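Take a look at the structure set out below.
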Amino acid sequence: MIMNSQYVPSLSCPICRAKHCEYLLKDCVHHVGDGDGVRDWTYSLVRCCDCGLGFISPLPGNDVIQSLYPPDYDCYCHVERSRWRQRIWWKIARWRYCQVYCDSAWNRLLTSVGRAVCSVVGRPPPATIGIPLSLPRNARILDVGFGSGDWLMQMRRCGYVHLAGIDIAANQDNCTRMSQLGIDVCCGDITRKGTWPGAVDCIRMEHVLEHVPDSKPLLDHLSGLLSPSGWLVLTVPDFDWWFSNRSQAGQVGLDLPLHLYHYTMNSLVRLMTGAGFTVAYMESIRAGHRFLLNLGDVRVQGIKTGRNADGQLSCDRQAHEQRNKGEHYITLCAQRTG
């Protein structure tokens, strides 16, 4: 239940260290199954009144986190995409962000065209698509939290040759498919892995940062992997959108307890600046489409997020799309400071 504000004097914000925090949800219960049966983990959703960050308190232990990502976790489901629609969508994305990658008169024109098309489509593509597509085909690209691996496999089909991905607990079938295409994939803690240190041209995190219990060591490690001109691009849910619409939205978009942190633009800039990054571009974009509704969307094979025998979206997929309708995300491009 979403409650009225109640200050939490004993907590400080993990990013700005302000002590002016408030409860938004209190005493939520998550059931964790283990070898000894089922036990309860109780947590609360807290908001910093200074930078706006939302965060789970207390943070879960590793056993709880592992229980949240089973092998059939939705984001690990392999999808079949409409190739022609995706080619169009990716071209729009490249136009939309080419000025961010390289400011020139021609790129400014393409960006204007991309923005005009997006105003018709009703949804701008995130920078996690547009910036990597602006890079040359021999660029080194690392996808942190690759999930199903579909994005990496599609990039490989587009001609990108130096691709790598890491996920905390990826589906083995997805890893096999990527390895067969020559994509370097591994599982585990990225801070313990060495992938092209100091030579990565682009690191991509698509809806990953909100799942990370401690983002500072991760960002420090990623900074060391980037080349001097390399890009870090990421997308996270926009907590400002949820907080402004919480009376109508309820818990839609929070994805508790999967999302441990809920970022606002203010808190995200503070986090990136504190980790030694300079934010080059940031925008809050709407998740829903108006026209060309299915452009770039997926036809998913599977039980949780699929289509039934008649080709119609399954009930779970319909509920997912309805739940995300109107939700906003923050998309961000950053480079190492100095």
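Values for this structure:
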quantity: Qualifying residue in region 244-259 (condition: more than 16 Å from the chain's Cα centre (by Cα) and modelled with pLDDT of 90 or more); calculated: no
quantity: All positions within region 90-113 that are outside any helix (DSSP H, G or I) and either modelled with pLDDT under 90 or not assigned by TED's automatic domain parsing to the domain that holds Gly130 (or both); calculated: Cys102, Asp103
quantity: Evaluation of Gly198 against (1) farther than 27 Å from Leu68 by Cβ; (2) modelled with pLDDT of 90 or more (one fails), failing number; calculated: (2)
quantity: Ser119, sole failed condition from (1) without any contact (Cβ under 8 Å) to a residue 12 or more places away in the chain; (2) part of a loop (DSSP other than H, G, I, E, B); calculated: (2)
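Rundown of residues vs (1) assigned to a loop (DSSP other than H, G, I, E, B); (2) under 21 Å from the mean Cα position of the chain (by Cα); (3) in the same structural domain as Thr128 (by TED's automatic domain parsing), yes/no style:
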| position | (1), (2), (3) |
| --- | --- |
| Asp173 | no, no, yes |
| Gly182 | yes, no, yes |
| Gly198 | yes, no, yes |
| Ile203 | no, yes, yes |
| Glu210 | no, yes, yes |
| Pro217 | no, yes, yes |
| Ser223 | no, yes, yes |
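The values are calculated or read from the model by the stated rules, or taken from the named source; none is laboratory data. Everything numeric in this text was worked out from a predicted model, so none of it was measured. Quick reminder, even Gly has a Cβ in these numbers, built from the backbone with ideal geometry, and neighbours come from all protein chains shown.
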